[in-house]
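The values are calculated or read from the model by the stated rules, or taken from the named source; none is laboratory data. The structure presented is a predicted model; accordingly, all values stated were derived computationally and were not measured. So basically every Cβ, Gly included, is an ideal-geometry build from the backbone, and we count neighbours across all protein chains shown.
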Amino acid sequence: MTGFALLALLASLFLGTSDFLGGTLSRRVPLLTVLLLSQLVGTLATLPRLLFDEPGGEVGPALLWGAGGGLAVAAGVSSLYQALATGTMGVVAPVAALSVLVPAGAGILAGDPIGPLLATGMVVAVAGTVLATGPELRTARSAARPILLALLSALGFGVSNLTVAWGSAHHVGATLLGNALTALLVYVVIALVRRHRPVAAGRQLVGIAAIGVLGFAANLCFALASRSGMLSVVAVFASLFPAVTALLGWRFHAERLAPVQVVGVLLVFAGVGVIAASS
């Protein structure tokens, strides 16, 4: 397996772990507190990366692409939680997982050489990702508004990943900084409007800090992978995080995996294997 594929898989591992921690902490800490403070930590973690970028990169375009991605991811998060507030996880999560189609589709349209075996592995992996979220087909029939919001969420996350990939072609550090700062500013504005004071201490603060660092690490791995590999494959590998979150919930929270989720996780592993074999 090539280096860019391993980086993209690490992005999924970090993001899946971050989502697991975020879901766990949000049961005890207000969601906006988790989002704002973890984003602050993630933004601070981005700063040292600027020291490792090669001089001469195009900082201006990278900052703009990153800022656009920050707005997109903030819109994605907002839409996702509105969808979860009005619908069920089994309806919303599978639709939101379709965010991979945006960067993957852009990579294919840009000319990524996708052979039959590679295409099969990508389809199997994406299908597994959707199933790993535990779709509830019966409930979906009467969930028009949550599904629409979930689609907007998928679009926001997908556009954010795409802009990170495009911006990183100019300058990785500037792209990540623009992305992180913009998302942080959005959360700060929301907190000010709602007069919300983000307060956390002790183990909760440690957990929130871990979310921020993991989120930064996921973005960094994705950015580096997109510079050296096919965007369509990188996008698929980096989108497998729902399987990670589901497995962590099963292992540490004794959450029961539905049969469809077990099938999804197995399909994810099978898809990764097929993609690796085709590389």
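Quick grid of which residues meet (1) under 17 Å from Ser226 (Cα atoms); (2) modelled with pLDDT under 90:
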position: Thr133; (1), (2): no, yes
position: Ala144; (1), (2): no, yes
position: Ser160; (1), (2): yes, no
position: Ala169; (1), (2): yes, no
position: Gly173; (1), (2): yes, no
position: Leu176; (1), (2): yes, no
position: Asn179; (1), (2): yes, no
position: Leu185; (1), (2): no, no
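State whether one or more residues within segment 192-203 are crowded, with 24+ Cβ neighbours inside 10 Å, of a type outside the set (A, V, I, L, M) and more than 12 Å from the chain's Cα centre (by Cα). No, the conditions are met nowhere in segment 192-203. Residues of segment 236-261 that are among the β-branched types (Val, Ile, Thr) and at pLDDT 90 or above: Val236 alone. For segment 153-169, the condition holds for at least one residue, the condition being that it is in contact (Cβ under 8 Å) with a residue 40 or more places away in the chain, surrounded by fewer than 21 Cβ atoms within 10 Å (Cβ to Cβ) and either more than 17 Å from the chain's Cα centre (by Cα) or in a loop (DSSP other than H, G, I, E, B) (or both).
In segment 18-63, which residues are over 27 Å from Arg195 (Cα atoms) and β-branched (Val, Ile, Thr)? Of everything in segment 18-63, those that are over 27 Å from Arg195 (Cα atoms) and β-branched (Val, Ile, Thr) turn out to be Thr46, Val59.
For segment 204-243, the candidate set comprises residues that are hydrophobic (A, V, I, L, M, F, W, C) and over 16 Å from Phe14 (Cβ atoms); within that set, the residue that is surrounded by the most Cβ atoms within 10 Å (Cβ to Cβ) is Val236. Reported count of residues in segment 199-228, each being touching a Gly at 6+ places or on another chain (Cβ under 8 Å) and on the phi > 0 side of the Ramachandran plot, is 0. When Met122 is tested against the conditions (1) farther than 21 Å from Gly69 by Cβ; (2) modelled with pLDDT under 90; (3) touching a Gly at 6+ places or on another chain (Cβ under 8 Å); (4) not β-branched (Val, Ile, Thr), the lone failure is (2).
Under the condition of being among the hydroxyl-bearing types (Ser, Thr, Tyr) and under 23 Å from Leu240 (Cβ atoms), the residues counted in segment 16-58 number 5.
Only one entry in Ala238, Ala270 is touching a Ser or Thr at 6+ places or on another chain (Cβ under 6 Å), closer than 30 Å to Pro113 by Cβ and of a type in the set (Gly, Ala, Ser), namely Ala238.
Regarding Ser232, is this residue in contact with an Asp or Glu (Cβ under 6 Å, 6 or more places away or on another chain), assigned to a helix (DSSP H, G or I) and within 14 Å of Ala104 (Cα to Cα)? Criteria met by Ser232. Only residues that are assigned to a helix (DSSP H, G or I), more than 22 Å from Ser99 (Cα to Cα) and of a type in the set (S, T, N, Q) were counted in segment 239-279, giving 1.
Okay, residues lined up against (1) at pLDDT 90 or above; (2) closer than 17 Å to Ala218 by Cβ:
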| residue | (1), (2) |
| --- | --- |
| Gly3 | no, yes |
| Gly16 | no, yes |
| Ser26 | no, no |
| Leu40 | yes, yes |
| Leu50 | no, no |
| Gly56 | no, no |
| Leu63 | yes, no |
| Gly70 | yes, yes |
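Cβ-Cβ contacts under 9 Å between residues 6 or more apart (or on different chains), taken from a first residue in segment 193-211 that is assigned to a loop (DSSP other than H, G, I, E, B) to a second residue that is hydroxyl-bearing (Ser, Thr, Tyr) and surrounded by 18 or more Cβ atoms within 10 Å (Cβ to Cβ), are listed as His196/Thr33; Arg197/Thr33; Pro198/Thr33; Pro198/Tyr187; Val199/Thr33; Ala200/Thr33. Being closer than 30 Å to Gly202 by Cα and of a type in the set (Gly, Ala, Ser) holds for only one residue in Gly111, Gly22, Gly68, and it is Gly22.
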